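Inspection log for the structure reproduced underneath, given as structure tokens.
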Amino acid sequence: MSVITSETIEEEKLNYTIFHWGPLLFRTTIKPNDIKALRKLCDESNEDWTDNLAGIIKGEYKIKSEDYTKIITPYLRAYAVAYKKWYGIKLKAVETTAAWVNFMKNGESNPPHIHHNCHLSSVLVLDVPEKIKEEQKEWKGTGDGPAALNFFVGNPQNFHVNTFGFKPKVGDFFIFPWNLTHSVSSFKSKATRITVAANFKVADENMFETKEVPDGKKEA
């Protein structure tokens, strides 16, 4: 558990502290040159990966994990810093277990789901065509609208923030725990939204380092 903010209300002279807890939902921005390299990697992909995925999407192809990892390693280092701040422990190492590209077209969607056989999951946005952006602007319903990326924690409860919704931009890179439910809503525009998803495992099978306690015993 970490402190988000600690401030003083001048009028009342009262100190307050806000704590954040729950899953770490991390977002950073991929640089243009790395986006270009990832696009090339995706264009070269041809191994159909749909049988392994929950998406109602026809164009889902596995990409080379080794090449993907080389490109995103600097961003994984940034995630490790955030991980340390959030959980108070060091992330020893991260291994990419699978990576794939989603060429999502109009009428397709990704229903609420989680990822298995990994510790962490991710979404990296490579292309959001202008037609989709215009459709999002014209959206008048509730929620985050067409092509939105949503995350859910538990069931809605009073005084809880249970959802986060995003209209992702090109370069957005999200990393989150494997069991954080997420989804992508459909859109009507005749365009293709391109994202890369990947799963990771961390070096410590328990996810947390062991720590020495005064009596010489160890605790997780």
Do you know which of the residues in the stretch 31-74 that are in contact (Cβ under 8 Å) with a residue 12 or more places away in the chain and of a type in the set (Ser, Thr, Tyr) is surrounded by the most Cβ atoms within 10 Å (Cβ to Cβ)? 68
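Can you name the residue in the stretch 161-208 that is charged (D, E, K, R) and open to solvent by 20 Å² or more (accessible area, probe 1.4 Å) and is also nearest to residue 109 (Cα to Cα) among such residues? Before you say what the answer is, go through the steps one by one.
We begin by selecting, within the stretch 161-208, every residue charged (D, E, K, R); these are 167, 169, 172, 188, 190, 193, 201, 204-205.
Next cut, open to solvent by 20 Å² or more (accessible area, probe 1.4 Å) only: 167, 169, 188, 190, 201, 204-205.
Working: 167: 14, 169: 17, 188: 11, 190: 14, 201: 26, 204: 34, 205: 33 Å.
Only one residue tops the list, namely 188.
Can you work out which of the residues in the stretch 141-193 that are among the hydrophobic types (A, V, I, L, M, F, W, C) and in contact with a helix residue (DSSP H, G or I) (Cβ under 9 Å, 6 or more places away or on another chain) is farthest from residue 82 (Cα to Cα)? Let's see the steps before the verdict.
Residues of the stretch 141-193 among the hydrophobic types (A, V, I, L, M, F, W, C): 147-149, 151-153, 159, 161, 164, 166, 170, 173-176, 178, 180, 184, 187, 191.
Among the residues that remain, those that are also in contact with a helix residue (DSSP H, G or I) (Cβ under 9 Å, 6 or more places away or on another chain) are: 147-148, 170, 173, 175, 187, 191.
Numbers: 147: 27, 148: 24, 170: 22, 173: 14, 175: 11, 187: 33, 191: 34 Å.
The extreme case among them is 191.
Residue-by-condition table, conditions (1) touching a Ser or Thr at 6+ places or on another chain (Cβ under 6 Å); (2) more than 17 Å from residue 117 (Cβ to Cβ); (3) of a type in the set (Ser, Thr, Tyr):
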position: 53; (1), (2), (3): no, no, no
position: 58; (1), (2), (3): no, yes, no
position: 64; (1), (2), (3): no, yes, no
position: 67; (1), (2), (3): no, yes, no
position: 75; (1), (2), (3): yes, yes, yes
position: 84; (1), (2), (3): no, yes, no
position: 102; (1), (2), (3): yes, yes, no
Looking at the stretch 88-101 only, could you name the residues that are of a type outside the set (Val, Ile, Thr) and open to solvent by less than 70 Å² (accessible area, probe 1.4 Å)? 88, 91, 93, 98, 99, 100
I need a count of the residues in the stretch 103-151 that are assigned to a strand (DSSP E or B) and open to solvent by less than 10 Å² (accessible area, probe 1.4 Å). 9
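The values are calculated or read from the model by the stated rules, or taken from the named source; none is laboratory data. The structure displayed is predicted, hence computed values, not measured ones. All Cβ positions, even for glycine, are placed from backbone atoms using ideal geometry, and neighbour counts span all protein chains on display. Ligands, DNA and RNA are excluded from the accessible area calculation, which covers all protein heavy atoms including side chains. Shrake-Rupley method; radii C 1.70, N 1.55, O 1.52, S 1.80 Å.
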